[in-house]
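Sharing a structure with you now.
The values are calculated or read from the model by the stated rules, or taken from the named source; none is laboratory data. As the structure is a computational prediction, the values presented were derived from the model and not from experiment. Ideal geometry is used to build each Cβ from the backbone, glycine not excepted, and the neighbour counts take in all protein chains shown. We work out accessible area using only protein heavy atoms, side chains counted, and drop any ligands, DNA or RNA first. Shrake-Rupley method; radii C 1.70, N 1.55, O 1.52, S 1.80 Å.
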Amino acid sequence: MLKDKARRRIATKAAAAGVVSAGFLLGIGPMLTSATADTKTVSYSCIPTLAGDVGTAANYDVTVALNSSVTAGIIGTPFTANVSLGGTALPPAPAALETTDSIQVAAEIEIKGNGSAAAIATVTPSASVAPAAPVSMGGALPALPTPTASITPLTGTTQLILTAKTFTLRLMKGTTEAAKFVCTLPTVAPLPTPASATLAVSTAGTSTTPTPTPTPTPTPTPTPSAPKPTKTVTETATAEVPVDDDQVETPDGGVATGGGGVLGPDGRVFVLTGSAIVLAAGIGGLFMRSRRRPYQG
């Protein structure tokens, strides 16, 4: 019984290991840790501005998540990337906020093409949200919105590296900016590692995204027709055999069933001789019978 349980445990572990191995072989592994999403907690230097007055910079540990909507890019086809900011050490509200006010987030995304520093572009998408309840000055900010950018790879691009860079928090009263925080990455050591994502880029015909393989339609195999009957004609070739000196020759004009004069006496001589012998025997028998009759009686 214990052996059976041990065998079942070993079989279960082996099956689980097989599933994990198959997952990585079939491409399920990258689904667990996508190469197009990254989250980092980074120390940002944030400078406040209130009513046009610039304050003193302070460092805040901000959790930054960079996400892409695709695992691989295609030339000329746009995709989206977004940046979400969170954590417990976000900058506080630099001014009081009402529910009619809004918080705007603008996040800068650096885009480096083909891994070259000469091919760098930036996009700064923005998003805003209204607080569900009033926020006092110095109070904790509510959950921040997620800015989303649209990115289109250009011809000649084979790789894109996306990196979350500077972000700005604005407190808006209507269309007027009441206060803001401009947060940047440190430029002196130790330099932090920002959130980033790397995407391979290809043309539409050579996308690295796996495509379903069509199932081939079986082609009906033609049924062979019944074979036609074969008529076999046998032809025997007879070679002419030379006549030996001892072979019987049939004289010209003779009959094929008789020997002929070359063989000597004709067969009819033997027939006549035999007939004569039979006749003589019959006469002799009659003669001997007639001689016995006088003694009968």
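Provide the per-residue ³J(HN,Hα) series for the range 166-178, in order, calculated from phi with Karplus coefficients 6.51, -1.76, 1.60 and θ = phi - 60°, each as a whole number of Hz, with x at glycine and proline positions.
Along the range 166-178, the couplings run 5, 9, 10, 9, 10, 9, 10, 10, x, 9, 9, 7, 8 Hz.
Kindly report the accessible area of the range 63-131 per residue (heavy atoms of protein chains, probe 1.4 Å, no ligands, DNA or RNA), in Å².
The answer is 41 Å² per residue.
Another question, then. Taking θ = phi - 60°, what integer Hz values does the Karplus form 6.51 cos²θ - 1.76 cosθ + 1.60 yield along the range 48-58, in sequence order, with x for Gly and Pro?
x, 9, 10, 6, x, 8, 8, x, 8, 5, 9
Sticking with this structure for a sec: Using the Karplus curve 6.51 cos²θ - 1.76 cosθ + 1.60 with θ = phi - 60°, work out ³J(HN,Hα) for each residue of the range 184-201 in order, rounded to whole Hz, and write x for Gly and Pro.
After applying 6.51 cos²θ - 1.76 cosθ + 1.60, I find 10, 7, x, 10, 10, 5, x, 7, x, 9, x, 5, 8, 8, 10, 10, 7, 10 Hz.
With Cβ to Cβ distances under 12 Å as the rule, what net charge do the other residues near Thr168 carry (K, R +1; D, E -1)?
+1
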